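The values are calculated or read from the model by the stated rules, or taken from the named source; none is laboratory data. Only a predicted model underlies this, so the values are computations on that prediction, with no experimental measurement involved. Heads up, the Cβs are rebuilt from the backbone with ideal geometry, glycines too, and the neighbour counts pull from every protein chain shown.
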């Protein structure tokens with residue numbers, strides 16, 4: 001069309017033209033978004049998180065800290081099955097989102113892995129946080145003293161290396177014997193993982209620090 | 001002047017002269033008329049005879065009648081003074097060249113009337129006056145010559161010098177030599193000149209020019225001698241030309257041959273020829289013009305003498321020959337193009353002024369001025385403080401220096417959620433952002449500084465300023481008051497604490513030296529000895 005500013009009348013006429021053409025089809029229905037409850041066809045969804053023995057007493061200790069946010073804010077039912085030694089989660093009718101249940105399950109799982117409740121709560125609040133776990137033997141086969149030394153290298157004196165990595169990369173790390181769990185955003189997890197792998201492979205802490213500094217500076221620059 | 005009258009007067013004057021000479025000295029003491037008359041006549045004669053040699057004198061003859069002695073004497077003086085100086089010169093010249101005297105004598109042999117007279121007078125007269133007169137006469141002649149020479153110019157003189165080296169008149173020649181030139185020096189100079197420039201061409205030209213000058217400047221030369229001189233000069237010129245034309249030695253040889261063939265009476269017995277022959281004998285080695293050739297020959301050759309044009313042509317020819325010769329010869333090494341050291345003589349490059357580009361600036365010559373200037377510069381710089389220090393070029397950072405994140409090695413007090421929360425808040429609302437780690441450090445630092453400043457102010461200020469009240473939490477421990485109040489003594493002496501028995505370290509009864517009995521002393525000594533012996537034995541045993 002040559003004219004740049006078509007009048008409302010013109011557009012309407014055009015639209016009406018199209019409508020006239022497809023006259024047979026009925027008007028589109030307007031639906032409201034589905035509730036979590038309805039999405040699964042009214043069925044209730046469950047999640048069960050097993051509790052390792054060493055986390056039994058901390059669970060007992062922090063039960064209320066765990067229960068409150070889940071029940072109040074996430075609107076997910078939670079209960080502890082003592083016999084089976086599992087934490088069970090169940091959606092309610094007024095659960096706003098389907099993903100809430102999953103988030104709660106992840107949150108509980110993170111606690112079971114060894115993370116603190118405040119750290120684990122970040123999972124509830126932020127979407128893009130993940131937990132990654134790997135073992136030392138995945139990186140390098142170490143036996144006996146080497147393994148012990150590697151673990152020592154990872155944590156550092158009084159845990160300072162671990163804390164340094166945590167603070168620099170805004171993640172939380174749990175070193176459970178030969179298993180390592182990292183909680184954080186995807187990129188940060190990557191950085192933390194690289195540093196930890198380097199430590200496992202044998203690089204000294206200072207080197208890892210320097211690399212960390214560079215990377216975090218670069219990361220900070222971006223924003 | 002009438003010659004006969006002159007002759008008679010001269011005779012009488014001579015007689016009077018003789019008469020004067022013959023008189024005894026004592027006779028002079030008394031004034032006598034005849035003697036005075038004689039003297040006057042004689043002096044008149046002498047004056048007139050000397051007259052020709054001093055044209056400047058105002059008197060033609062000595063005026064004696066009615067004149068005072070003083071006046072007569074002054075007239076004589078007028079005449080004789082210039083003659084005296086020239087005479088002295090002559091004497092000096094004869095001192096240097098004694099052979100001239102002999103020439104003089106020879107010259108006197110064939111001399112004219114005047115000369116004869118002169119010579120006679122030289123031989124006979126002994127009186128100072130006479131001598132003077134003789135010398136004067138000699139000098140007169142010489143003076144005449146000299147004056148003539150002056151008239152004609154230096155070249156003329158030279159010419160005469162060269163030509164009359166033939167010694168036509170010894171006196172004249174002596175006169176020439178006396179005044180300006182030594183004939184021998186002149187000869188040498190001429191030789192050099194000729195050899196240097198054109199070979200012998202220059203001689204010719206000189207002779208020609210002299211000739212011309214002579215011809216032009218002949219004025220009032222009535223003397224026979226002059227004429228003869230001129231004639232001889234001409235002869236000499238011709239001789240020179242001849243020689244130049246035919247080559248040095250050839251010319252000489254030819255002349256000699258000619259002379260031998262055409263030897264005549266005149267050659268041997270006329271003044272000129274004698275001298276010329278002698279000259280030849282002397283100067284044959286020296287390539288000098290000789291006037292020894294015959295007049296006839298000279299006359300003939302004069303007509304065939306090379307003209308100017310011919311001379312020029314000869315010059316050109318010689319030049320051409322030179323150049324052709326140079327072209328045929330191998331070139332000088334400087335003209336040969338690329339020449340290595342082997343192709344030229346040793347050190348020959350040093351003599352040639354080589355021109356090449358110096359790419360390097362020549363090293364500066366350090367003189368005192370240069371050092372002084374440098375020192376002045378240094379002093380001014382120091383006084384101004386203007387040193388050329390290398391200033392570090394600061395790389396101007398476009399952005400503010402990034403705050404270096406210190407790696408916190410302690411467990412983070414904030415939960416992960418809070419960390420992300422803060423981050424989010426910073427992104428969305430930077431104003432409400434909480435203090436970062438560095439800010440806290442800054443806060444702490446500022447607090448410390450404030451405390452320090454407070455203390456310093458308190459020390460420095462004269463008036464009292466109380467401490468600012470900083471409400472701080474103070475810890476109150478729940479301890480019994482008694483425990484807080486009890487204060488232990490600062491200093492406690494050992495003496496009071498310990499009992500004497502505790503202090504004492506020893507055994508049994510202790511006796512003083514004074515209290516010991518003799519037996520006890522002996523016992524003590526014996527014990528000591530025993531101990532010592534035992535130890536000594538032990539040591540010996542060990543050693544063994």
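Details
- The single condition from (1) assigned to a strand (DSSP E or B); (2) within 20 Å of the chain's Cα centre (by Cα) that residue A:80 fails is (2).
- Subset of segment A:138-161 [assigned to a helix (DSSP H, G or I) and either touching a residue at least 24 places away in the same chain (Cβ under 8 Å) or within 14 Å of chain B (Cβ to nearest Cβ) (or both)]: A:139, A:147, A:150, A:151, A:153, A:154, A:155, A:157, A:158, A:159, A:160, A:161
- Among the residues examined, residue A:173 does not qualify as more than 8 Å from chain B (Cβ to nearest Cβ), touching a residue at least 24 places away in the same chain (Cβ under 8 Å) and crowded, with 17+ Cβ neighbours inside 10 Å.
- The set of residues in segment B:77-97 that are closer than 25 Å to residue B:44 by Cα, surrounded by fewer than 18 Cβ atoms within 10 Å (Cβ to Cβ) and either more than 47 Å from the chain's Cα centre (by Cα) or modelled with pLDDT of 90 or more (or both) comprises B:77, B:78, B:81, B:88.
- Residue check for residue A:60: surrounded by fewer than 16 Cβ atoms within 10 Å (Cβ to Cβ), away from every other protein chain (no Cβ under 14 Å) and in a strand (DSSP E or B): no
- Filter result for residue B:398 (modelled with pLDDT of 80 or more, within 14 Å of chain A (Cβ to nearest Cβ) and either in contact with a helix residue (DSSP H, G or I) (Cβ under 6 Å, 6 or more places away or on another chain) or not in a helix (DSSP H, G or I) (or both)): no
- Scan of segment A:83-111 for residues that are surrounded by fewer than 19 Cβ atoms within 10 Å (Cβ to Cβ) and under 17 Å from the mean Cα position of the chain (by Cα), ordered by number: A:97, A:98, A:99, A:102, A:109
- Criterion (surrounded by 12 or more Cβ atoms within 10 Å (Cβ to Cβ), modelled with pLDDT of 90 or more and at negative phi) met by exactly one of B:312, B:321: B:312
- Candidates A:189, A:121, A:165, A:180, filtered to the one that is more than 10 Å from chain B (Cβ to nearest Cβ) and either within 30 Å of residue A:80 (Cα to Cα) or buried (at least 22 other Cβ atoms within 10 Å of the Cβ) (or both): A:180
- Pairing each residue of segment B:410-423 that is facing chain A (nearest Cβ under 7 Å) and at negative phi with any residue that is modelled with pLDDT under 85 and surrounded by 13 or more Cβ atoms within 10 Å (Cβ to Cβ), provided the two are 6+ apart or on different chains, yields no C-beta distance under 8 Å.
- For segment A:192-210, the candidate set comprises residues that are farther than 27 Å from residue A:126 by Cα and away from every other protein chain (no Cβ under 12 Å); within that set, the residue that is surrounded by the fewest Cβ atoms within 10 Å (Cβ to Cβ) is A:204.
- Checked against the criteria, residue A:111 does not count as within 14 Å of another protein chain (Cβ to nearest Cβ), touching a residue at least 12 places away in the same chain (Cβ under 8 Å) and in a loop (DSSP other than H, G, I, E, B).
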